[in-house]
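Read the figures in this text as sums done on the coordinates, not as results from a lab. Keep in mind that this is a model prediction, so the values were computed, not measured. Positions of Cβ are backbone-derived with ideal geometry, glycine not excepted, and every protein chain shown enters the neighbour counts.
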Amino acid sequence: MIGIFDSGIGGVTVFKEILGELPNYEYVYYSDSKNNPYGDKFSDELIKITDSIVSYLVQMGCCVIVIACNTASAICKDYLRRKYDIPIIAIEPAYKMVNDINKDGKTLVLATKGTLQSSKFKCLYNKYDNHNTILYECVGLADLIENDNDEEIDKYLDNHLKDFKGVENVVLGCTHYPLIKDKIKKVLGDVLFFDGSKGVCLQLKKIIQKNNIKSTNSSITFIDSSLSEEKEKRFFDILKP
Ligand code: DGL
């Protein structure tokens, strides 16, 4: 079984990509909406939270874990990889992809405070810095997306992003943000989007091959830490082709 988790519904954007490429496996998706948002939490607290999620998923029988959350990946992946003896795949903001595809374009990186202030992100940024990049902490945005608060999201984007009109590349450094691509386009125009889900998918494929992971069944189990049926419905709606 393959375990995937995020602070809520956001990781579904990663899971959708995975399902498209690797449909015939058993998956369990853990949406930790009880602890949402992760983006402003202290590292110690976030490590504790993600440790208990991974432990739970391992007890359920997961043999690979995907951290479908940029914040948890940046802050917790080293700890979790040291502690657990199974492959742990971690997403990261797709800043390297900008370097590969449109290096010189004016770039806006949107992510949580936790991600942008992490040493992991700083390393990535210093390595691929195109000297034409704005880093922007979207405090509160993931929360609005989690709560599907359409009107507030529009207001937020209008207030926070309109000064960045003219950027070419937008790195969606939080797994919740791909859910509002259309809204971002309304404010910023026809930009190129970059997100880390393709990279995660490639890594997962490699791990499956390397560890010869086979599956007799294909299934999707959804667990929400606040037992929200509404989240479950939204999750499966987003997964629909
Ligand atoms: N979806 C998460 C991320 O990729 C976390 C958002 C949050 O809970 O603040 O960073």
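Looking at Cys76, Cys69, Cys62, which is the one that is more than 11 Å from the ligand (Cβ to nearest atom), surrounded by 24 or more Cβ atoms within 10 Å (Cβ to Cβ) and either farther than 20 Å from Lys206 by Cα or not β-branched (Val, Ile, Thr) (or both)? Walk me through how you get there before you give the answer.
On the way: Cys69 fails: more than 11 Å from the ligand (Cβ to nearest atom); Cys62 fails: surrounded by 24 or more Cβ atoms within 10 Å (Cβ to Cβ).
Answer to the check: Cys76.
Out of Tyr30, Tyr56, Tyr95, report the one residue that is over 16 Å from the mean Cα position of the chain (by Cα) and away from the ligand (no atom under 12 Å from the Cβ).
It is Tyr56.
Considering the stretch 183-192 alone, what residues qualify as being under 15 Å from Leu110 (Cα atoms) and exposed (fewer than 15 other Cβ atoms within 10 Å of the Cβ)? Before the answer, list the steps.
Residues of the stretch 183-192 under 15 Å from Leu110 (Cα atoms): 183-185, 187-188, 191-192.
Across the stretch 183-192, the qualifying residue is only Lys185.
Looking at this structure, is Gly8 of a type outside the set (Val, Ile, Thr), within 14 Å of the ligand (Cβ to nearest atom) and at positive phi? Please lay out each step first, then the result.
Numbers: of a type outside the set (Val, Ile, Thr): yes; within 14 Å of the ligand (Cβ to nearest atom): yes; at positive phi: yes.
Yes, satisfied.
Has the stretch 35-44 got at least one residue that is in a strand (DSSP E or B) and of a type outside the set (Gly, Ala, Ser)?
No.
Name the residue that is surrounded by the most Cβ atoms within 10 Å (Cβ to Cβ), counting only residues in the stretch 35-49 that are more than 12 Å from the ligand (Cβ to nearest atom) and of a type in the set (D, E, K, R). Walk me through how you get there before you give the answer.
Start the filter on the stretch 35-49 by keeping residues that are more than 12 Å from the ligand (Cβ to nearest atom), which leaves 42-45, 47-48.
Add one more test, that the residue is of a type in the set (D, E, K, R), and what stays is 44-45, 48.
On the way: Asp44: 9, Glu45: 12, Lys48: 14.
Of everything passing the filter in the stretch 35-49, Lys48 is surrounded by the most Cβ atoms within 10 Å (Cβ to Cβ).
In the stretch 20-34, how many residues are touching a helix residue (DSSP H, G or I) at 6+ places or on another chain (Cβ under 7 Å) and in a helix (DSSP H, G or I)?
Result for the stretch 20-34: 2.
Within the stretch 205-226, is there a residue that is over 15 Å from Asn70 (Cβ atoms), touching a helix residue (DSSP H, G or I) at 6+ places or on another chain (Cβ under 7 Å), in a strand (DSSP E or B) and not basic (Lys, Arg)?
If we filter the stretch 205-226 for residues that are over 15 Å from Asn70 (Cβ atoms), which is where we start, we get 205-226.
Checking which are touching a helix residue (DSSP H, G or I) at 6+ places or on another chain (Cβ under 7 Å) leaves us with 205, 222, 224-226.
Those left that are additionally in a strand (DSSP E or B): 222, 224.
Filter again for not basic (Lys, Arg), leaving 222, 224.
Looking through the stretch 205-226, at least one residue is over 15 Å from Asn70 (Cβ atoms), touching a helix residue (DSSP H, G or I) at 6+ places or on another chain (Cβ under 7 Å), in a strand (DSSP E or B) and not basic (Lys, Arg).
Can you list residue pairs whose Cβ atoms sit under 7 Å apart, with the first residue in the stretch 31-59 being over 19 Å from Cys174 (Cα atoms) and without any contact (Cβ under 8 Å) to a residue 40 or more places away in the chain and the second being in a helix (DSSP H, G or I) and aliphatic (A, V, I, L, M)? Count only pairs 6 or more apart in sequence or on different chains.
Correct list of pairs: Asp51/Leu80.
Which of the following residues is in contact with a Ser or Thr (Cβ under 6 Å, 6 or more places away or on another chain), buried (at least 22 other Cβ atoms within 10 Å of the Cβ) and either within 21 Å of Pro93 (Cβ to Cβ) or of a type outside the set (Ser, Thr, Tyr) (or both): Gly8, Gly3? First the steps, then the outcome.
Values: Gly3 fails: in contact with a Ser or Thr (Cβ under 6 Å, 6 or more places away or on another chain).
Unique residue meeting the criteria: Gly8.
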